[in-house]
Amino acid sequence: MSKLYVARSPRVAARSLGGEMMIMSGRDSTLFTLNETASILWQAADGTTPLEEIVEQKICSEFEVEPSEALQDAETVARELAGHHILQISEQPMPQPSPASGASR
Amino acid sequence: MPELTAEVERLSLTIEIGEMPVRVHTTDPLFLSLLQDRYAGFVSSSERAEIDFDVETTDCSSAVADAPVRVTCQEGRWTLQRGDFLAQWEPARRRGWIRQTANPHSIDAVLRIVHTLVLARQGGFLLHSASAIRNGKAFLFAGVSEAGKTTISRLAPPDVTLLTDEISYVRRQGTGYVAFGTPFTGELAKLGENVSAPVSALYLLAKGRSNRIESVAPADAARSFLGNVLFFAEDEELVQATFHSAFEFVSRVPVFRLTFVPDSRVWELIG
């Protein structure tokens, strides 16, 4: 099975406040509030770390969950976020430019 | 031989809201008179204008004011479009034009949109809220339709200066924010006073059985703020700027939930 890579879309604005991660789509101004797991996924989505590794290092270490189950859930979340154009998914690494735009703070 | 053409007199009026003068040019004296009435208190004698708009009034009666607004930017030129108006504005040239029927509602919408675009780049915004000044401090009262913006404005005691009962105008100034009076009215149909004061608090309105003020979690404050901010542009950069402005605002200005019964005692809690 091929690896999956996730990257934050550059076309959004994001902020974490009071433990909540909020993201606004620059495309249609829709506001999203991520739950804890989705927030971890979002923050770790650097385009070069495989999703499997993110799940193993950031999610399984934090929550009592089976790695395979966690990976399946993470894929579902990632695809959902990608459907809203706030996350990018690829089977190839997606090196990200340095965050000069400051879209995510 | 009689003259076949005649010079048409160009009439002008400067409307200054939030310290931003916008000059409107028209050849229609009736429309000018209508604008003078509509923006009484906000007509400026300033020679300087941030933007000059040429307004062409048409007699197209099929115009629909409740059609969706589209605000797009291409090669530095903004196009503002709704059923009842079409406008273009080039910020670099500080000029634009508006084509509309001779009514105040269309130009009102154009002005609101233009102000939101200008403010978005400066950390300011128009907020769907009433606002008022008491003891030198400005208070914003935000809420959706029926939340009580007009009610709380109507209940304001005589020592309160009303800035608007519908759309607040807020500029970033130094480390804080300043609210200005606007001519943008709601059900109260009363123009705000053309004055300003530093913003002291934002209240999220809710009608209830008692008067009370409660703190609001920062994330909830930001969410509510974003739900009430006026923004029309299909422009990623400005969407992002507005998003970050919301967070800046709630990190600098206290936000509370104000539940109130509709009588004047609620003002005992304000100021």
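The values are calculated or read from the model by the stated rules, or taken from the named source; none is laboratory data. These figures come from a predicted structure and were not determined experimentally. In this analysis, Cβ positions are derived from the backbone assuming ideal geometry, glycine residues included, and neighbour counts consider all displayed protein chains.
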Mind checking whether some residue in region B:99-111 is farther than 29 Å from B:Val239 by Cβ, in the same structural domain as B:Asp235 (by TED's automatic domain parsing) and more than 16 Å from the chain's Cα centre (by Cα)?
-> no
Say we look at region A:1-21 and pick out the residues that are part of a loop (DSSP other than H, G, I, E, B) and touching a residue at least 40 places away in the same chain (Cβ under 8 Å); which of these is nearest to the other protein chains (Cβ to nearest Cβ)?
-> A:Arg11
Go through (1) in the same structural domain as B:Glu234 (by TED's automatic domain parsing); (2) more than 19 Å from B:Ile167 (Cβ to Cβ); (3) of a type in the set (Phe, Trp, Tyr) one by one and return the number of the condition B:Trp78 breaks.
-> (1)
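Which of the residues spanning region B:211-228 are outside any loop (DSSP other than H, G, I, E, B) and facing chain A (nearest Cβ under 10 Å)?
First, pick out the residues of region B:211-228 that are outside any loop (DSSP other than H, G, I, E, B): B:212-215, B:218-228.
B:Pro218, B:Ala219, B:Asp220, B:Ala221, B:Ala222, B:Arg223, B:Leu226, B:Gly227, listed by residue number.
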Can you tell me which residue in region B:245-264 is nearest to A:Leu31 (Cα to Cα), limited to those that are surrounded by fewer than 21 Cβ atoms within 10 Å (Cβ to Cβ) and out of contact with any strand residue (DSSP E or B) (no Cβ under 6 Å at 6 or more places or on another chain)?
-> B:Glu248
If B:Ser168 passes every condition in (1) of a type outside the set (A, V, I, L, M, F, W, C); (2) within 21 Å of B:Thr116 (Cα to Cα); (3) assigned to a loop (DSSP other than H, G, I, E, B) but one, which one does it miss?
-> (3)
For region B:189-207, does any single residue satisfy the condition of being free of Cβ contacts under 8 Å to residues at least 40 places away in the same chain, away from chain A (no Cβ under 12 Å) and part of a loop (DSSP other than H, G, I, E, B)?
-> yes
When only residues in region B:87-106 that are surrounded by 19 or more Cβ atoms within 10 Å (Cβ to Cβ) and in contact with a Lys or Arg (Cβ under 8 Å, 6 or more places away or on another chain) count, which is nearest to B:Leu119 (Cα to Cα)?
-> B:Trp89
